[in-house]
Amino acid sequence: MSTRSSAYAIDLHTAMRLVETSSDLIVLLDSDGRVVDAAAQGSGLARLDLRAWKGRPWIETVTAETRPKIESSLAEARVGTSARWRQVNHMVPGGEDVPMLYMTVPSQGGGRSEVTWVAFGRDLQPMAALQRRLVEAQQTMERDYWRYREADTRYRHLLHSSHEALLLVDGQSQRVVESNPAAESLPGRQRTPLAGSALPSLFAEGSAEALQSLLAATRTVGKRDAVRLMLADGATPVTVSATLFRQDQLPFLLVRLLLDSPVRASAETSALARLHAVHFSQSADALVYTDAQGRILAVNRAFALMAQLSAEEQARGEMLDRWLGRTGVELSVLVTNLRQRGSVGLFTTTLRGEFGASIDVEISASVLALPDGQRLAFAIRDVSRRLQGEERAPDRVSRSVGELTELVGRVPLKDIVSETTDLIEQLCIEAALQMTQGNRASAAQLLGLSRQSLYVKLNRFGLSGGAATDPDEDRGNEPAGGGNGANGGTPHARAPM
């Protein structure tokens with residue numbers, strides 16, 4: 001016998017020993033490709049029912065898309081060509097497929113004459129698990145990247161839309177790192193950008209001592225009362241305040257400069273001019289500028305495209321909730337939170353187009369304090385194509401449907417309907433509380449319930465453990481537009497009760 005053929009002359013005992021030394025799984029096949037015997041080592045392949053393979057064609061143990069690889073492997077073994085490794089997936093009833101890497105070689109001689117081929121397999125499950133973790137890590141990085149972009153967009157929008165002059169200053173070198181348009185347009189300023197210039201150079205020489213005292217006190221205690229200083233032109237007094245924060249363990253100062261005698265032709269016209277100065281109309285996100293009640297003063301092109309409008313002017317004078325929100329009270333809830341907190345971020349809702357299209361959006365908003373009143377600035381981002389977050393727990397409604405249908409024939413229909421109604425009612429209340437960040441007054445308004453009715457339902461479902469954030473809960477006032485479930489509220493916003 002030649003050296004080549006003797007390399008394949010193995011008996012069953014030797015083949016089984018090879019499992020312990022070179023392979024995770026060995027499959028002995030007859031001339032028709034049926035499994036004569038199979039053996040595996042370790043617990044990683046315990047899910048494979050190897051005893052059920054005996055007598056079955058080997059090709060029937062793998063998934064349909066990998067069967068051509070088994071056929072090619074056996075065909076190569078029949079004609080004696082060089083064997084190659086091939087990846088196949090074995091089916092596991094009720095579980096994930098098991099990936100394996102096989103090489104098939106002919107068997108000559110040995111204790112079992114019915115054995116024609118021997119397939120050596122390597123377990124690829126550890127590699128598949130590593131690949132899944134790699135994909136999950138990549139998706140996590142993508143989500144973090146989008147969060148960073150969203151945070152940067154909100155930061156720049158709020159910074160540039162502020163009517164106050166704002167400077168971001170390095171706490172060690174006292175040099176300006178970043179500034180907003182209001183700071184760049186300070187009286188006496190040259191056309192050169194502020195970034196990189198020394199903060200003391202913006203003020204008159206007589207203000208140097210007071211400025212250094214302010215900065216030193218801010219670095220020590222974090223914040224100090226504002227001081228009055230004179231700008232470098234020597235004729236413009238300003239009120240200066242500073243706040244300390246740290247980034248990458250380095251100190252930075254947020255310096256605010258408020259002109260004592262600002263000159264404005266119109267507060268509203270000035271605010272709109274500042275928004276356009278930061279490419280308001282060319283922003284990739286939809287930007288909306290409204291009065292304190294939510295009536296639109298200006299929108300950019302991105303919002304007009306989302307709302308299916310032919311021109312931005314069509315939105316002016318309209319209430320924002322004409323396009324925004326799943327219900328008629330979502331804008332009211334958003335405005336209420338803005339008045340209480342000054343800013344709102346990551347508020348998820350929908351935006352309805354003029355021709356019926358609806359997309360999922362995420363809103364960041366802030367309050368702009370102007371001399372003639374408050375204005376509201378909204379940044380709206382389309383998130384309908386965003387990567388989904390981490391895997392969610394199975395939906396409680398879907399899980400409960402199967403449990404409830406099993407009661408048919410054993411429990412009266414009215415009892416099953418009552419059980420389903422309670423479940424849906426509880427989920428609607430939980431969703432409303434999540435959307436309003438625990439504000440029970442806003443949640444009651446969103447559901448079309450009176451506050452007292454909501455409290456009764458919270459106690460009934462055991463949801464009253466968290467602290468309420470209602471600003472006037474102790475007074476027991478009804479939210480604007482609220483009513484009981486039968487007579488009050490917004491009909492199309494009422495959850496099924």
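For this structure, a couple of remarks:
- Any chance Val299 is under 25 Å from Trp146 (Cβ atoms) and either crowded, with 17+ Cβ neighbours inside 10 Å or modelled with pLDDT of 85 or more (or both): yes
- Residue list for the range 100-115, filter: surrounded by fewer than 20 Cβ atoms within 10 Å (Cβ to Cβ) and within 24 Å of Asp49 (Cα to Cα): Leu101, Met103, Val105, Arg112, Glu114
- The sole residue among Thr269, Thr236 that is modelled with pLDDT under 85, more than 20 Å from Arg156 (Cα to Cα), of a type in the set (Val, Ile, Thr) and surrounded by 15 or more Cβ atoms within 10 Å (Cβ to Cβ) is Thr236.
- All positions within the range 196-215 that are outside any helix (DSSP H, G or I) and either among the hydrophobic types (A, V, I, L, M, F, W, C) or within 15 Å of Thr239 (Cα to Cα) (or both): Ala198, Phe203, Ala204
- The range 425-479 - residue that is modelled with pLDDT of 85 or more and assigned to a loop (DSSP other than H, G, I, E, B) and, of those, nearest to the chain's Cα centre (by Cα): Leu449
Matching residues to (1) modelled with pLDDT of 80 or more; (2) under 18 Å from the mean Cα position of the chain (by Cα); (3) more than 20 Å from Cys428 (Cα to Cα); (4) not in a strand (DSSP E or B):
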position: Arg326; (1), (2), (3), (4): no, no, no, yes
position: Leu338; (1), (2), (3), (4): yes, no, yes, yes
position: Thr350; (1), (2), (3), (4): yes, yes, no, no
position: Phe355; (1), (2), (3), (4): yes, no, yes, yes
position: Arg375; (1), (2), (3), (4): yes, no, yes, no
position: Ile380; (1), (2), (3), (4): yes, yes, yes, no
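- Residue within the range 42-52 that is among the acidic types (Asp, Glu) and over 14 Å from Ala119 (Cβ atoms) present: yes
- Residue list for the range 201-225, filter: surrounded by fewer than 16 Cβ atoms within 10 Å (Cβ to Cβ) and either within 21 Å of Val177 (Cα to Cα) or not assigned by TED's automatic domain parsing to the domain that holds Val176 (or both): Ser201, Ala208, Gln212, Ser213, Ala216, Arg219, Thr220, Gly222, Lys223
- Among (1) in the same structural domain as Met230 (by TED's automatic domain parsing); (2) surrounded by 19 or more Cβ atoms within 10 Å (Cβ to Cβ) - the single one His157 does not satisfy: (1)
- Verdict on Thr192 being touching a residue at least 60 places away in the same chain (Cβ under 8 Å), β-branched (Val, Ile, Thr) and over 17 Å from Leu258 (Cβ atoms): no
- Single match in Leu258, Leu244, Leu250 (criterion: at pLDDT 60 or above, touching a Pro at 6+ places or on another chain (Cβ under 8 Å) and either surrounded by fewer than 18 Cβ atoms within 10 Å (Cβ to Cβ) or of a type outside the set (Ser, Thr, Tyr) (or both)): Leu244
- Members of the range 41-73 that are under 20 Å from Pro126 (Cβ atoms) and free of Cβ contacts under 8 Å to residues at least 40 places away in the same chain: Gln41, Ser43, Ala46, Leu50, Val62, Thr63, Thr66
The values are calculated or read from the model by the stated rules, or taken from the named source; none is laboratory data. Treat the numbers as computed from the prediction; the structure is a model and nothing was measured. Because the Cβ atoms are built from the backbone with ideal geometry, glycine has one as well, and the counts that use them run over all protein chains shown.
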